[in-house]
Amino acid sequence: MFNFKPKEDKFYTMFLKAAQNVNKAAMILRKSMDSLSNKEAYVNEIQELEHKGDKLVSIITKELNEAFITPIDREDIYLLIKEMDDILDLINSTMHTFMMFSIDESTHESKLLADMIVKCTNHILESMEGISLMGNKSKYIKEKIRIINEIENEADKLFRKTVAELFKNETNVIEVIKWKEIYQILENTVDRCEKIANTVEGVVIKNA
């Protein structure tokens with residue numbers, strides 16, 4: 001009989017690497033908000049992680065083209081790795097926006113949104129650690145999905161409240177434009193985390 005286990009392990013290993021990459025980028029983003037005067041160094045760190053993410057997408061696409069059998073649907077494998085890369089792109093975009101707008105001090109609300117991104121990526125990482133054993137870990141993974149959904153709901157509320165207050169209280173139009181864009185990217189990042197959670201949920205259901 002053919003042994004397909006090494007090929008299966010390869011996909012799960014790449015999921016885990018991608019999740020670790022995303023989680024590390026989220027933590028760097030949050031750390032940067034406490035010292036944006038050093039933002040160039042943080043931009044370089046996240047840029048490096050973003051390149052690693054792109055490379056993983058390329059590798060997994062090649063593996064999918066060559067694989068005779070895959071542990072889960074090919075479409076789901078590609079979706080998971082691509083959606084994690086999308087989060088990296090958004091985190092990278094946030095750091096470059098800080099650079100572009102010459103922002104040296106973050107707001108309390110941006111830090112709260114960044115905290116939510118870190119929490120979501122923690123749960124994504126933990127989900128990827130259990131996905132190869134989803135038959136035994138389905139309840140565990142579903143709990144992670146539930147938590148990510150809750151965080152996304154909190155982020156939506158915080159985003160709406162923060163933007164409303166920004167337009168109400170900030171008199172400098174340029175500052176309104178700057179921070180509206182930053183808050184939007186951060187909120188979009190949390191949305192992407194929920195999108196991954198929904199994809200993982202679909203994988204668990206299909207492979208239950």
If you compute percent of Cα pairs over 28 Å apart for the structure shown, which of (i) 31; (ii) 18; (iii) 27 do you land on?
(i)
Straight-distance crosslink candidates among lysines, where the alpha carbon sits under 18 Å from Lys52 and sequence neighbours closer than 8 are dropped
Lys10, Lys17, Lys24, Lys62, Lys82
For the chain, what is the charge dipole size about the Cα centre, in debye to the nearest 20, if Lys and Arg each add +1 at the Cβ and Asp and Glu each add -1 at the Cβ?
560 debye
Do the sum for the chain: with -39,500 (n - 2.57) for every DSSP H run of n ≥ 4, divided by all residues, what is the mean residue ellipticity at 222 nm, to the nearest 500 deg cm²/dmol?
-30500 deg cm²/dmol
Taking the stretch 43-138, which GluC sites (Glu not before Pro) meet the DSSP loop condition and have no more than 16 other C-beta atoms within 10 Å?
Glu105
Would you mind working out the accessible area per residue for the chain, using a 1.4 Å probe, and quoting it in Å²?
52 Å²
First compute the accessible area of the chain with a 1.4 Å probe, then give the percent of it belonging to carbon and sulfur atoms.
52 percent
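The values are calculated or read from the model by the stated rules, or taken from the named source; none is laboratory data. As the structure is a computational prediction, the values presented were derived from the model and not from experiment. Here Cβ is always computed from backbone atoms with ideal geometry, including for glycine, and neighbour counts include all displayed protein chains. Just the protein is used for accessible areas: all its heavy atoms, side chains included, with ligands, DNA and RNA removed. Shrake-Rupley method; radii C 1.70, N 1.55, O 1.52, S 1.80 Å.
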